[in-house]
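J.: What follows is a structure written as C-alpha coordinates; I'll ask about it next.
The values are calculated or read from the model by the stated rules, or taken from the named source; none is laboratory data. A quick note: this is a predicted structure, and the numbers were derived from the prediction, not measured. Ideal geometry is used to build each Cβ from the backbone, glycine not excepted, and the neighbour counts take in all protein chains shown.
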(Lines give C-alpha, C1' and ligand atoms only; values in the text may rest on other atoms or scores of the structure.)
Protein backbone atom coordinates (compact mmCIF):
# COMPACT_ATOMS: atom_id res chain seq x y z
CA UNK A 1 0.00 0.00 0.00
CA UNK A 2 1.31 3.45 -0.93
CA UNK A 3 0.96 5.94 1.89
CA UNK A 4 2.15 9.54 1.85
CA UNK A 5 1.67 12.54 4.11
CA UNK A 6 4.14 14.86 2.40
CA UNK A 7 3.16 18.34 1.34
CA UNK A 8 5.74 18.19 -1.44
CA UNK A 9 3.54 16.06 -3.68
CA UNK A 10 2.91 17.46 -7.17
CA UNK A 11 -0.42 19.13 -7.73
CA UNK A 12 -2.83 18.72 -10.60
CA UNK A 13 -0.93 18.17 -13.83
CA UNK A 14 -0.94 21.08 -16.25
CA UNK A 15 -0.77 18.84 -19.36
CA UNK A 16 -2.35 15.41 -19.23
CA UNK A 17 -3.74 12.94 -21.70
CA UNK A 18 -7.36 11.93 -21.05
CA UNK A 19 -6.70 8.42 -19.76
CA UNK A 20 -10.21 7.36 -18.71
CA UNK A 21 -12.34 8.03 -21.78
CA UNK A 22 -15.60 6.09 -21.62
CA UNK A 23 -15.38 5.34 -17.90
CA UNK A 24 -18.13 6.43 -15.53
CA UNK A 25 -18.01 7.82 -12.01
CA UNK A 26 -20.50 8.02 -9.16
CA UNK A 27 -20.07 10.51 -6.30
CA UNK A 28 -22.03 10.40 -3.06
CA UNK A 29 -21.65 13.49 -0.90
CA UNK A 30 -22.28 13.60 2.84
CA UNK A 31 -22.42 16.77 4.92
CA UNK A 32 -22.10 20.49 4.37
CA UNK A 33 -21.82 22.92 1.45
CA UNK A 34 -18.04 22.74 1.70
CA UNK A 35 -18.20 19.02 0.98
CA UNK A 36 -20.66 19.58 -1.84
CA UNK A 37 -18.30 22.12 -3.41
CA UNK A 38 -15.37 19.71 -3.00
CA UNK A 39 -17.44 17.08 -4.84
CA UNK A 40 -18.01 19.50 -7.71
CA UNK A 41 -14.26 19.91 -8.04
CA UNK A 42 -13.70 16.16 -7.90
CA UNK A 43 -16.29 15.73 -10.64
CA UNK A 44 -14.61 18.40 -12.73
CA UNK A 45 -11.22 16.69 -12.44
CA UNK A 46 -12.68 13.31 -13.35
CA UNK A 47 -14.49 14.70 -16.39
CA UNK A 48 -11.34 16.45 -17.52
CA UNK A 49 -9.77 12.99 -17.51
CA UNK A 50 -12.49 11.65 -19.80
CA UNK A 51 -15.00 10.21 -17.33
CA UNK A 52 -18.76 10.82 -17.36
CA UNK A 53 -21.20 10.73 -14.43
CA UNK A 54 -23.68 7.97 -13.67
CA UNK A 55 -26.55 7.98 -11.19
CA UNK A 56 -26.14 4.36 -10.11
CA UNK A 57 -23.29 2.50 -8.42
CA UNK A 58 -24.00 -0.51 -10.66
CA UNK A 59 -22.87 1.42 -13.75
CA UNK A 60 -19.83 3.04 -12.16
CA UNK A 61 -16.17 2.36 -12.86
CA UNK A 62 -15.28 4.64 -9.94
CA UNK A 63 -17.26 5.30 -6.76
CA UNK A 64 -16.23 8.32 -4.66
CA UNK A 65 -17.61 8.86 -1.16
CA UNK A 66 -17.01 12.42 0.06
CA UNK A 67 -17.61 12.04 3.76
CA UNK A 68 -18.68 14.06 6.78
CA UNK A 69 -17.87 13.49 10.44
CA UNK A 70 -19.99 16.10 12.17
CA UNK A 71 -22.66 13.76 13.50
CA UNK A 72 -22.12 10.85 15.90
CA UNK A 73 -23.50 8.29 13.46
CA UNK A 74 -21.60 9.64 10.45
CA UNK A 75 -18.88 7.00 10.71
CA UNK A 76 -21.46 4.27 11.28
CA UNK A 77 -23.28 5.31 8.11
CA UNK A 78 -20.01 5.42 6.19
CA UNK A 79 -18.93 1.90 7.14
CA UNK A 80 -22.45 0.61 6.59
CA UNK A 81 -22.46 2.05 3.09
CA UNK A 82 -18.96 0.74 2.41
CA UNK A 83 -20.18 -2.70 3.45
CA UNK A 84 -22.91 -2.53 0.82
CA UNK A 85 -20.28 -1.78 -1.83
CA UNK A 86 -18.27 -4.93 -1.13
CA UNK A 87 -20.44 -7.10 -3.37
CA UNK A 88 -19.99 -4.64 -6.24
CA UNK A 89 -16.23 -4.86 -5.82
CA UNK A 90 -16.32 -8.67 -5.74
CA UNK A 91 -18.48 -8.75 -8.86
CA UNK A 92 -16.24 -6.21 -10.64
CA UNK A 93 -12.61 -6.26 -9.42
CA UNK A 94 -11.73 -3.39 -11.77
CA UNK A 95 -14.17 -1.11 -9.92
CA UNK A 96 -12.33 1.60 -8.00
CA UNK A 97 -13.69 2.86 -4.65
CA UNK A 98 -12.35 6.10 -3.13
CA UNK A 99 -13.17 7.61 0.26
CA UNK A 100 -12.38 11.27 0.90
CA UNK A 101 -13.48 14.16 3.07
CA UNK A 102 -13.62 14.67 6.82
CA UNK A 103 -14.14 11.06 7.93
CA UNK A 104 -11.21 9.99 5.77
CA UNK A 105 -9.07 12.75 7.27
CA UNK A 106 -9.95 11.58 10.76
CA UNK A 107 -10.17 7.80 10.36
CA UNK A 108 -7.18 7.30 8.04
CA UNK A 109 -6.00 3.71 8.42
CA UNK A 110 -9.26 2.51 9.99
CA UNK A 111 -11.03 2.72 6.63
CA UNK A 112 -8.64 0.27 4.95
CA UNK A 113 -8.65 -1.93 8.05
CA UNK A 114 -12.44 -2.26 8.13
CA UNK A 115 -13.05 -2.12 4.36
CA UNK A 116 -10.07 -3.62 2.55
CA UNK A 117 -11.93 -3.34 -0.76
CA UNK A 118 -11.45 0.46 -0.69
CA UNK A 119 -8.77 1.52 -3.18
CA UNK A 120 -8.12 5.15 -2.22
CA UNK A 121 -8.33 7.11 1.03
CA UNK A 122 -7.68 10.85 0.74
CA UNK A 123 -8.30 13.77 3.08
CA UNK A 124 -9.71 17.26 3.10
CA UNK A 125 -6.49 18.97 2.02
CA UNK A 126 -5.77 17.05 -1.18
CA UNK A 127 -9.03 16.64 -3.07
CA UNK A 128 -7.25 18.01 -6.14
CA UNK A 129 -5.06 14.86 -6.15
CA UNK A 130 -7.84 12.41 -7.03
CA UNK A 131 -6.72 11.66 -10.60
CA UNK A 132 -3.07 11.20 -9.60
CA UNK A 133 -4.14 8.86 -6.81
CA UNK A 134 -6.14 6.81 -9.31
CA UNK A 135 -2.97 6.46 -11.35
CA UNK A 136 -1.09 5.15 -8.30
CA UNK A 137 -3.84 2.59 -7.64
CA UNK A 138 -3.64 1.38 -11.23
CA UNK A 139 0.12 1.00 -10.92
CA UNK A 140 0.73 -0.17 -7.34
CA UNK A 141 -2.46 -0.95 -5.51
CA UNK A 142 -4.41 0.68 -2.64
CA UNK A 143 -3.40 4.21 -1.68
CA UNK A 144 -3.78 6.25 1.50
CA UNK A 145 -2.76 9.89 1.15
CA UNK A 146 -3.59 12.23 4.01
CA UNK A 147 -2.12 15.70 4.26
CA UNK A 148 -2.11 17.15 7.75
CA UNK A 149 -2.21 20.75 6.58
CA UNK A 150 -3.02 22.85 3.56
CA UNK A 151 -0.68 25.01 1.56
CA UNK A 152 -2.11 28.49 0.93
CA UNK A 153 -1.48 28.08 -2.80
CA UNK A 154 -3.51 24.86 -2.94
CA UNK A 155 -6.64 25.91 -1.01
CA UNK A 156 -9.13 25.19 -3.72
CA UNK A 157 -7.66 27.41 -6.44
CA UNK A 158 -10.01 28.76 -9.06
CA UNK A 159 -8.00 27.02 -11.78
CA UNK A 160 -9.40 23.60 -10.84
CA UNK A 161 -12.19 22.36 -13.10
CA UNK A 162 -15.62 22.21 -11.51
CA UNK A 163 -18.66 20.24 -12.61
CA UNK A 164 -21.49 22.21 -11.00
CA UNK A 165 -24.97 20.90 -10.33
CA UNK A 166 -26.42 24.27 -11.32
CA UNK A 167 -25.47 26.34 -14.35
CA UNK A 168 -26.65 29.61 -12.84
CA UNK A 169 -25.53 29.20 -9.19
CA UNK A 170 -22.09 28.45 -7.77
CA UNK A 171 -20.14 28.24 -4.53
CA UNK A 172 -16.93 30.21 -4.12
CA UNK A 173 -14.66 29.21 -1.26
CA UNK A 174 -13.01 32.19 0.46
CA UNK A 175 -11.49 30.39 3.47
CA UNK A 176 -10.75 26.85 4.56
CA UNK A 177 -10.25 25.65 8.11
CA UNK A 178 -11.27 27.26 11.38
CA UNK A 179 -9.48 28.90 14.31
CA UNK A 180 -12.35 28.64 16.78
CA UNK A 181 -12.52 26.11 19.61
CA UNK A 182 -16.21 25.19 19.88
CA UNK A 183 -16.20 22.16 22.15
CA UNK A 184 -18.71 20.18 20.07
CA UNK A 185 -17.05 20.74 16.69
CA UNK A 186 -14.47 18.59 14.94
CA UNK A 187 -14.00 20.89 11.93
CA UNK A 188 -10.71 22.46 13.16
CA UNK A 189 -9.31 18.95 13.57
CA UNK A 190 -10.25 17.66 10.12
CA UNK A 191 -10.05 20.93 8.16
CA UNK A 192 -7.11 22.53 9.94
CA UNK A 193 -6.43 26.17 10.85
CA UNK A 194 -8.00 28.99 8.89
CA UNK A 195 -6.44 30.07 5.61
CA UNK A 196 -7.93 32.87 3.50
CA UNK A 197 -7.75 33.18 -0.24
CA UNK A 198 -6.43 36.46 -1.54
CA UNK A 199 -9.27 38.77 -2.60
CA UNK A 200 -7.94 39.07 -6.14
CA UNK A 201 -8.15 35.29 -6.56
CA UNK A 202 -11.74 35.30 -5.30
CA UNK A 203 -12.73 38.10 -7.67
CA UNK A 204 -11.10 36.37 -10.65
CA UNK A 205 -13.02 33.19 -9.89
CA UNK A 206 -16.29 35.11 -9.67
CA UNK A 207 -15.55 36.83 -12.99
CA UNK A 208 -14.84 33.46 -14.58
CA UNK A 209 -18.08 32.04 -13.22
CA UNK A 210 -20.06 34.99 -14.58
CA UNK A 211 -18.49 34.45 -18.01
CA UNK A 212 -19.84 30.89 -17.85
CA UNK A 213 -23.39 32.06 -17.11
CA UNK A 214 -23.44 32.04 -13.31
CA UNK A 215 -25.74 34.66 -11.79
CA UNK A 216 -25.70 33.72 -8.11
CA UNK A 217 -22.63 33.02 -5.97
CA UNK A 218 -22.40 31.85 -2.37
CA UNK A 219 -19.19 32.70 -0.53
CA UNK A 220 -18.10 29.76 1.63
CA UNK A 221 -16.05 29.55 4.80
CA UNK A 222 -16.22 27.92 8.20
CA UNK A 223 -16.23 31.46 9.63
CA UNK A 224 -16.53 34.06 6.88
CA UNK A 225 -16.40 36.93 9.40
CA UNK A 226 -12.74 36.26 10.13
CA UNK A 227 -11.82 36.30 6.46
CA UNK A 228 -8.52 38.05 5.75
CA UNK A 229 -7.07 38.09 9.26
CA UNK A 230 -4.22 35.87 8.10
CA UNK A 231 -3.45 38.00 5.02
CA UNK A 232 -1.18 41.01 4.67
CA UNK A 233 -1.85 43.20 1.64
CA UNK A 234 0.75 45.95 1.77
CA UNK A 235 0.37 46.26 5.52
CA UNK A 236 -3.43 46.00 5.47
CA UNK A 237 -5.69 43.09 6.25
CA UNK A 238 -8.71 42.76 3.95
CA UNK A 239 -12.08 42.60 5.69
CA UNK A 240 -15.04 40.41 4.81
CA UNK A 241 -17.17 43.53 4.31
CA UNK A 242 -14.64 44.76 1.73
CA UNK A 243 -14.82 41.44 -0.09
CA UNK A 244 -18.63 41.56 -0.19
CA UNK A 245 -18.52 44.98 -1.80
CA UNK A 246 -15.88 43.94 -4.35
CA UNK A 247 -17.78 40.82 -5.38
CA UNK A 248 -20.87 42.97 -5.72
CA UNK A 249 -19.01 45.14 -8.23
CA UNK A 250 -18.47 42.24 -10.63
CA UNK A 251 -20.70 42.88 -13.64
CA UNK A 252 -23.29 40.15 -14.13
CA UNK A 253 -23.56 38.99 -10.51
CA UNK A 254 -27.22 39.22 -9.57
CA UNK A 255 -27.21 37.54 -6.18
CA UNK A 256 -24.56 37.08 -3.49
CA UNK A 257 -25.01 34.92 -0.40
CA UNK A 258 -22.53 33.76 2.21
CA UNK A 259 -22.23 31.10 4.89
CA UNK A 260 -21.48 30.79 7.66
CA UNK A 261 -20.79 33.78 9.89
CA UNK A 262 -19.89 33.34 13.54
CA UNK A 263 -21.97 35.55 15.87
CA UNK A 264 -19.02 36.51 18.07
CA UNK A 265 -17.20 38.01 15.07
CA UNK A 266 -20.11 39.67 13.29
CA UNK A 267 -19.66 43.43 12.95
CA UNK A 268 -21.82 46.31 11.77
CA UNK A 269 -19.62 46.87 8.71
CA UNK A 270 -20.83 43.57 7.24
CA UNK A 271 -24.48 44.54 7.73
CA UNK A 272 -23.77 47.89 6.08
CA UNK A 273 -22.08 46.16 3.15
CA UNK A 274 -25.15 43.94 2.79
CA UNK A 275 -27.49 46.91 2.78
CA UNK A 276 -25.36 49.01 0.41
CA UNK A 277 -24.43 46.31 -2.12
CA UNK A 278 -27.38 45.60 -4.39
CA UNK A 279 -26.41 42.05 -5.26
CA UNK A 280 -26.03 40.87 -1.65
CA UNK A 281 -29.22 39.10 -0.65
CA UNK A 282 -31.24 40.08 2.41
CA UNK A 283 -30.61 36.74 4.06
CA UNK A 284 -28.29 35.36 6.71
CA UNK A 285 -27.63 32.07 8.46
CA UNK A 286 -26.79 33.02 12.04
CA UNK A 287 -26.04 29.98 14.25
CA UNK A 288 -27.37 30.35 17.80
CA UNK A 289 -26.63 26.80 19.07
CA UNK A 290 -28.19 27.49 22.50
CA UNK A 291 -30.13 30.20 24.28
CA UNK A 292 -28.49 29.49 27.62
CA UNK A 293 -25.45 31.57 28.56
CA UNK A 294 -24.17 28.71 30.70
CA UNK A 295 -24.36 26.26 27.82
CA UNK A 296 -22.91 28.77 25.36
CA UNK A 297 -19.92 29.18 27.69
CA UNK A 298 -19.48 25.40 27.87
CA UNK A 299 -19.61 25.33 24.08
CA UNK A 300 -16.91 28.06 23.87
CA UNK A 301 -19.12 30.12 21.58
CA UNK A 302 -17.83 33.49 22.75
CA UNK A 303 -21.15 35.36 23.09
CA UNK A 304 -24.19 35.51 25.33
CA UNK A 305 -27.81 35.10 24.29
CA UNK A 306 -28.39 38.82 24.85
CA UNK A 307 -25.41 39.75 22.68
CA UNK A 308 -26.65 37.38 19.98
CA UNK A 309 -30.09 38.98 19.94
CA UNK A 310 -28.55 42.47 19.89
CA UNK A 311 -26.53 41.62 16.81
CA UNK A 312 -29.55 40.08 15.11
CA UNK A 313 -31.57 43.20 15.84
CA UNK A 314 -28.72 45.37 14.55
CA UNK A 315 -28.74 43.46 11.27
CA UNK A 316 -32.50 43.72 10.92
CA UNK A 317 -32.40 47.47 11.56
CA UNK A 318 -29.78 47.96 8.83
CA UNK A 319 -30.97 45.39 6.25
CA UNK A 320 -34.71 45.83 5.57
CA UNK A 321 -36.61 42.59 5.11
CA UNK A 322 -33.75 40.43 6.36
CA UNK A 323 -34.55 36.71 6.47
CA UNK A 324 -32.62 34.79 9.12
CA UNK A 325 -32.05 31.10 9.79
CA UNK A 326 -30.07 29.41 12.55
CA UNK A 327 -28.62 26.21 14.03
CA UNK A 328 -29.60 24.87 17.46
CA UNK A 329 -28.20 21.92 19.42
CA UNK A 330 -30.49 20.24 21.95
CA UNK A 331 -29.15 18.17 24.83
CA UNK A 332 -25.59 19.46 25.10
CA UNK A 333 -23.89 17.87 28.15
CA UNK A 334 -25.14 19.50 31.33
CA UNK A 335 -28.13 21.20 29.69
CA UNK A 336 -30.78 21.59 32.38
CA UNK A 337 -34.51 22.16 32.04
CA UNK A 338 -33.86 25.83 32.79
CA UNK A 339 -31.18 26.00 30.07
CA UNK A 340 -33.55 24.53 27.54
CA UNK A 341 -36.39 26.85 28.53
CA UNK A 342 -34.02 29.75 27.90
CA UNK A 343 -33.38 28.39 24.39
CA UNK A 344 -37.13 28.34 23.73
CA UNK A 345 -37.37 31.93 24.97
CA UNK A 346 -34.57 33.12 22.69
CA UNK A 347 -36.11 31.33 19.70
CA UNK A 348 -39.42 33.06 20.45
CA UNK A 349 -37.66 36.43 20.54
CA UNK A 350 -35.51 35.84 17.47
CA UNK A 351 -38.36 34.55 15.28
CA UNK A 352 -36.13 32.88 12.74
CA UNK A 353 -37.55 32.15 9.31
CA UNK A 354 -36.03 28.69 9.47
CA UNK A 355 -33.86 26.61 11.78
CA UNK A 356 -31.69 23.54 11.53
CA UNK A 357 -32.17 21.69 14.81
CA UNK A 358 -30.01 18.82 16.04
CA UNK A 359 -29.78 16.49 19.00
CA UNK A 360 -26.30 16.58 20.52
CA UNK A 361 -24.02 13.80 19.33
CA UNK A 362 -20.45 13.54 20.65
CA UNK A 363 -17.61 13.48 18.15
CA UNK A 364 -14.49 11.61 19.28
CA UNK A 365 -11.60 14.02 19.56
CA UNK A 366 -13.72 16.98 20.68
CA UNK A 367 -13.85 18.23 24.30
CA UNK A 368 -17.61 17.71 24.46
CA UNK A 369 -17.17 14.00 23.77
CA UNK A 370 -15.49 13.58 27.17
CA UNK A 371 -18.02 15.60 29.16
CA UNK A 372 -19.69 13.30 31.66
CA UNK A 373 -22.96 15.11 32.37
CA UNK A 374 -24.87 13.59 29.44
CA UNK A 375 -28.58 14.33 29.13
CA UNK A 376 -30.73 11.14 28.99
CA UNK A 377 -31.87 10.29 25.48
CA UNK A 378 -35.57 10.40 26.29
CA UNK A 379 -35.15 13.90 27.76
CA UNK A 380 -33.27 15.09 24.69
CA UNK A 381 -35.99 13.71 22.42
CA UNK A 382 -38.76 15.42 24.40
CA UNK A 383 -36.93 18.75 24.28
CA UNK A 384 -36.16 18.33 20.60
CA UNK A 385 -39.81 17.67 19.78
CA UNK A 386 -40.86 20.81 21.66
CA UNK A 387 -38.27 22.92 19.86
CA UNK A 388 -39.28 21.60 16.45
CA UNK A 389 -42.94 22.28 17.20
CA UNK A 390 -42.16 25.83 18.29
CA UNK A 391 -40.00 26.64 15.30
CA UNK A 392 -42.38 25.05 12.79
CA UNK A 393 -45.08 27.33 14.10
CA UNK A 394 -42.85 30.39 13.81
CA UNK A 395 -41.77 29.44 10.29
CA UNK A 396 -45.40 29.10 9.22
CA UNK A 397 -46.28 32.45 10.79
CA UNK A 398 -43.34 34.09 9.01
CA UNK A 399 -44.50 32.57 5.73
CA UNK A 400 -48.06 33.83 6.27
CA UNK A 401 -46.65 37.33 6.70
CA UNK A 402 -45.36 37.18 3.11
CA UNK A 403 -48.81 36.61 1.54
CA UNK A 404 -49.78 39.56 -0.66
CA UNK A 405 -46.19 40.77 -0.93
CA UNK A 406 -44.24 41.04 -4.17
CA UNK A 407 -40.79 39.47 -4.36
CA UNK A 408 -38.15 38.82 -6.99
CA UNK A 409 -37.60 35.10 -7.46
CA UNK A 410 -34.93 33.15 -9.33
CA UNK A 411 -35.89 29.86 -10.98
CA UNK A 412 -34.04 26.81 -9.69
CA UNK A 413 -35.79 24.25 -11.90
CA UNK A 414 -38.96 22.20 -12.14
CA UNK A 415 -40.64 21.06 -8.96
CA UNK A 416 -39.81 17.48 -8.00
CA UNK A 417 -43.51 16.79 -7.54
CA UNK A 418 -44.87 18.57 -10.60
CA UNK A 419 -42.78 19.25 -13.74
CA UNK A 420 -45.37 21.86 -14.78
CA UNK A 421 -44.50 23.92 -11.71
CA UNK A 422 -41.21 25.72 -11.13
CA UNK A 423 -39.34 25.82 -7.85
CA UNK A 424 -37.98 29.32 -7.32
CA UNK A 425 -36.28 31.14 -4.48
CA UNK A 426 -36.57 34.67 -3.16
CA UNK A 427 -33.58 36.79 -2.24
CA UNK A 428 -34.48 35.87 1.34
CA UNK A 429 -34.04 32.18 0.41
CA UNK A 430 -37.73 31.31 0.76
CA UNK A 431 -38.95 28.63 -1.66
CA UNK A 432 -41.78 29.76 -3.92
CA UNK A 433 -43.63 27.41 -6.27
CA UNK A 434 -44.81 29.09 -9.48
CA UNK A 435 -47.02 27.44 -12.08
CA UNK A 436 -45.48 27.00 -15.53
CA UNK A 437 -42.24 25.87 -17.14
CA UNK A 438 -39.47 28.41 -16.65
CA UNK A 439 -35.82 28.45 -17.62
CA UNK A 440 -33.49 27.94 -14.62
CA UNK A 441 -31.62 31.08 -13.66
CA UNK A 442 -34.12 33.64 -14.87
CA UNK A 443 -35.57 36.13 -12.39
CA UNK A 444 -38.95 37.84 -12.28
CA UNK A 445 -41.34 39.35 -9.72
CA UNK A 446 -44.15 37.32 -8.19
CA UNK A 447 -46.93 38.09 -5.78
CA UNK A 448 -47.31 35.56 -2.97
CA UNK A 449 -50.79 34.04 -3.09
CA UNK A 450 -50.54 31.28 -0.50
CA UNK A 451 -48.33 30.15 2.36
CA UNK A 452 -47.65 26.61 3.50
CA UNK A 453 -45.60 25.62 6.57
CA UNK A 454 -42.36 25.27 4.58
CA UNK A 455 -42.92 26.98 1.24
CA UNK A 456 -44.85 29.71 -0.56
CA UNK A 457 -46.93 29.80 -3.72
CA UNK A 458 -46.65 32.74 -6.08
CA UNK A 459 -48.02 34.14 -9.32
CA UNK A 460 -45.95 36.17 -11.81
CA UNK A 461 -46.63 39.87 -11.81
CA UNK A 462 -48.01 40.80 -15.22
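J.: Restrict the check to the stretch 177-186 and report whether at least one residue is closer than 26 Å to residue 102 by Cβ and part of a strand (DSSP E or B). Outline the logic, then answer.
T.: Residues of the stretch 177-186 that are closer than 26 Å to residue 102 by Cβ, as a first pass: 177-186.
If we keep only those that are part of a strand (DSSP E or B) too, we end up with none.
No, the stretch 177-186 has no match at all.
J.: What residue, among those in the stretch 415-460 that are closer than 25 Å to residue 277 by Cβ and assigned to a loop (DSSP other than H, G, I, E, B), is farthest from the chain's Cα centre (by Cα)?
T.: The qualifying residue farthest from the chain's Cα centre (by Cα) is 442.
J.: Kindly evaluate residue 369 against the criterion of being within 25 Å of the chain's Cα centre (by Cα), under 21 Å from residue 183 (Cα atoms) and not in a loop (DSSP other than H, G, I, E, B).
T.: In short, yes.
J.: Follow-up question, since we're still on this one. So which residues in the stretch 445-459 are free of Cβ contacts under 8 Å to residues at least 40 places away in the same chain and surrounded by 14 or more Cβ atoms within 10 Å (Cβ to Cβ)?
T.: 457, 459 - these are the residues of the stretch 445-459 that are free of Cβ contacts under 8 Å to residues at least 40 places away in the same chain and surrounded by 14 or more Cβ atoms within 10 Å (Cβ to Cβ).
J.: Here's a follow-up. Taking residue 219, is it surrounded by fewer than 17 Cβ atoms within 10 Å (Cβ to Cβ) and either closer than 22 Å to residue 266 by Cα or over 19 Å from the mean Cα position of the chain (by Cα) (or both)?
T.: no
J.: For the stretch 240-336, please list each of the helices (runs of 4 or more DSSP H) lying entirely inside it that holds at least 3 residues being at pLDDT 95 or above and more than 30 Å from residue 407 (Cβ to Cβ).
T.: Once the helices (runs of 4 or more DSSP H) in the stretch 240-336 are filtered for at least 3 residues that are at pLDDT 95 or above and more than 30 Å from residue 407 (Cβ to Cβ), what remains is 293-299, 305-318.
J.: Going by what's in this entry, would residue 257 be described as surrounded by fewer than 21 Cβ atoms within 10 Å (Cβ to Cβ), without any contact (Cβ under 8 Å) to a residue 40 or more places away in the chain and within 29 Å of residue 388 (Cβ to Cβ)?
T.: Spelling it out, it is not the case that residue 257 is surrounded by fewer than 21 Cβ atoms within 10 Å (Cβ to Cβ), without any contact (Cβ under 8 Å) to a residue 40 or more places away in the chain and within 29 Å of residue 388 (Cβ to Cβ).
J.: Quick one: residue 409 ticks every box in (1) at pLDDT below 95; (2) surrounded by 14 or more Cβ atoms within 10 Å (Cβ to Cβ); (3) touching a strand residue (DSSP E or B) at 6+ places or on another chain (Cβ under 9 Å) bar one, so which box is it?
T.: The one condition residue 409 does not meet is (1).
J.: Which of the helices (runs of 4 or more DSSP H) contained wholly in the stretch 94-147 include at least 3 residues that are within 19 Å of residue 193 (Cα to Cα)?
T.: 102-107
J.: Scan the stretch 49-69 for residues that are modelled with pLDDT of 85 or more and within 24 Å of residue 170 (Cα to Cα) and jot them down.
T.: Within the stretch 49-69, 49, 50, 51, 52, 53, 54, 55, 63, 64, 65, 66 qualify.
J.: Could you please let me know if residue 392 is in a helix (DSSP H, G or I), touching a residue at least 60 places away in the same chain (Cβ under 8 Å) and under 25 Å from the mean Cα position of the chain (by Cα)? Outline the logic, then answer.
T.: Values: in a helix (DSSP H, G or I): yes; touching a residue at least 60 places away in the same chain (Cβ under 8 Å): yes; under 25 Å from the mean Cα position of the chain (by Cα): yes.
The answer is yes for residue 392.
J.: Among the residues of the stretch 204-216, count how many are surrounded by fewer than 17 Cβ atoms within 10 Å (Cβ to Cβ) and either in contact with a strand residue (DSSP E or B) (Cβ under 7 Å, 6 or more places away or on another chain) or part of a strand (DSSP E or B) (or both).
T.: Count: 0.
J.: Name the one entry in 160, 134 that is touching a strand residue (DSSP E or B) at 6+ places or on another chain (Cβ under 9 Å), within 24 Å of residue 26 (Cα to Cα) and modelled with pLDDT under 90.
T.: Of the residues listed, the single one that is touching a strand residue (DSSP E or B) at 6+ places or on another chain (Cβ under 9 Å), within 24 Å of residue 26 (Cα to Cα) and modelled with pLDDT under 90 is 134.
J.: Follow-up. Just to be sure before I move on: is residue 360 within 30 Å of residue 169 (Cβ to Cβ) and touching a strand residue (DSSP E or B) at 6+ places or on another chain (Cβ under 6 Å) in the structure I sent?
T.: So residue 360 fails the test.
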